[in-house]
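Report on the following structure.
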Amino acid sequence: MTLISCVNLNNFPQMTLTGQEKPRVMKDTDLHQPVLVSEVIEHLQPQSTGLYIDATFGLGGHARSILSASAPEGKLLGIDRDYGALDQGAQRLLEYEGRYNLEHGNFADLETIAQLKQFKCCHGILADLGVSSYQLDDAQRGFSFQKVGPLDMRMDVTSSLKVGDVINRYLETDLASLIYTYGEEPESRRIAKAIVRARPLVDTRGLAEVVSGAIRFGRRRKIHPATHTFQALRIFVNNELEALQQFIESAVGLLRKGGRLVVISFHSLEDRIVKNMLDSIARGCICPPKFPCCVCGQMSRVKVLTRKPISPREVERIKNPRSRSAKLRVAERL
């Protein structure tokens, strides 16, 4: 199922990995608070003996809350493509030893991982999308335009393609296309032209300055002018939107009757995919209205419980500004 027009990754050259970076060791004070925790627990409805999957484990904040709410026997499978996040997040779950299993992987491969770990007929599955504070705050990961770092942005440091490969080697037309597609950036052509002229670029600060300088004065906005471009590059390098579509389809298939799927998104592209896919899976028959009877055989598999997405309360937005764009959607398996 294709819900948006995406740049074909196969059209672009792939680079080989030259080395693996070591994850940054975090202090306890660095561990950020996950967004919409009470809302996640309210809609997942964890229970003892239940099976739950946190498909974007991160630093384990949501996982910890799920394990606490499903005591004493609920079990959880945590998945993340970031080795460093898994290692650091595991420190939060020490008191729940024996009730959780952590696995390195992409949530696009949810079905394979869940089958391997015998997490079938799950009571609840959660995905908290996008980049984490752990990744943003580490300058060496290259996710933030507010910090000087390498042009990397890989969520999984074992993968090959880095943002620097894209910025310094792709054609101007390809750059403009992916910046527009994944960043919804109206100035994508001007930005791509400026990037090509400024090559080679070596760090995030240099890239942010080039992008900012390419945007016309009348286009100045409340957010940093490099926001959409950095978002687009991150999504492209990590193949995030295609992975999201695969995840949702797999998640629905793994849920037992009455099981809940909870997805938190942070920008319109993600939220649009989540909404459209859940609506499609909930719709059932897709035959034209004029047909006297159904011939497609498609059955409704979920009930959407959130016609409008749930946003953080004001108190959370004030305490954690990064939560302000979060949108939570929920579906229940029929």
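The values are calculated or read from the model by the stated rules, or taken from the named source; none is laboratory data. All values derive from a computational prediction rather than experimental measurement. Please note: Cβ atoms are built from the backbone with ideal geometry, for glycine as well, and neighbour counts cover all protein chains shown. Only protein heavy atoms, including side chains, enter the accessible area calculation; ligands, DNA and RNA are left aside. Shrake-Rupley method; radii C 1.70, N 1.55, O 1.52, S 1.80 Å.
Annotations for the structure displayed:
- Evaluation of N10 against the conditions (1) within 22 Å of F107 (Cα to Cα); (2) at pLDDT below 95; (3) open to solvent by 20 Å² or more (accessible area, probe 1.4 Å); (4) in a loop (DSSP other than H, G, I, E, B) shows that the sole unmet condition is (4).
- Checklist (1) over 16 Å from the mean Cα position of the chain (by Cα); (2) crowded, with 22+ Cβ neighbours inside 10 Å; (3) more than 23 Å from Y52 (Cβ to Cβ) applied to M153, failing item: (1)
- For F236, the stated conditions do not hold, so it cannot be described as at pLDDT 95 or above, among the aromatic types (F, W, Y), surrounded by 22 or more Cβ atoms within 10 Å (Cβ to Cβ) and farther than 16 Å from H267 by Cβ.
- The residues of the stretch 275-331 that are surrounded by 14 or more Cβ atoms within 10 Å (Cβ to Cβ), at pLDDT 90 or above and part of a loop (DSSP other than H, G, I, E, B), listed by number, are R301, L305, T306, P309, S311, P312, N320, R324, S325, A326.
- Matching entry among V166, V237, V157, V210 (being among the aliphatic types (A, V, I, L, M) and in a loop (DSSP other than H, G, I, E, B)): V157
- Verdict on S144 being open to solvent by less than 40 Å² (accessible area, probe 1.4 Å) and out of contact with any helix residue (DSSP H, G or I) (no Cβ under 9 Å at 6 or more places or on another chain): no
- Members of the stretch 203-262 found to be without any contact (Cβ under 8 Å) to a residue 12 or more places away in the chain, of a type in the set (G, A, S) and more than 24 Å from L161 (Cβ to Cβ), listed by number: G218
- Selection of the stretch 87-116 for residues being modelled with pLDDT under 95 and either closer than 21 Å to V263 by Cβ or crowded, with 20+ Cβ neighbours inside 10 Å (or both) yields Q88, G89.
- Hey, Y182 open to solvent by less than 30 Å² (accessible area, probe 1.4 Å), modelled with pLDDT under 95, under 24 Å from A326 (Cβ atoms) and of a type outside the set (A, V, I, L, M, F, W, C) or not: no
- A single member of S250, S268 is of a type in the set (S, T, Y) and in contact with a helix residue (DSSP H, G or I) (Cβ under 9 Å, 6 or more places away or on another chain), and it is S250.
- Restricting the stretch 253-274 to residues that are in a strand (DSSP E or B) and charged (D, E, K, R), the residue that is surrounded by the fewest Cβ atoms within 10 Å (Cβ to Cβ) is K257.
- Some residue of the stretch 139-154 being of a type in the set (V, I, T) and within 23 Å of E240 (Cβ to Cβ): no
- Residue list for the stretch 117-136, filter: on the phi > 0 side of the Ramachandran plot and open to solvent by 40 Å² or more (accessible area, probe 1.4 Å): Q118, C121
- Options G61, G84: the member that is closer than 26 Å to I273 by Cβ, within 18 Å of the chain's Cα centre (by Cα) and open to solvent by less than 60 Å² (accessible area, probe 1.4 Å): G61
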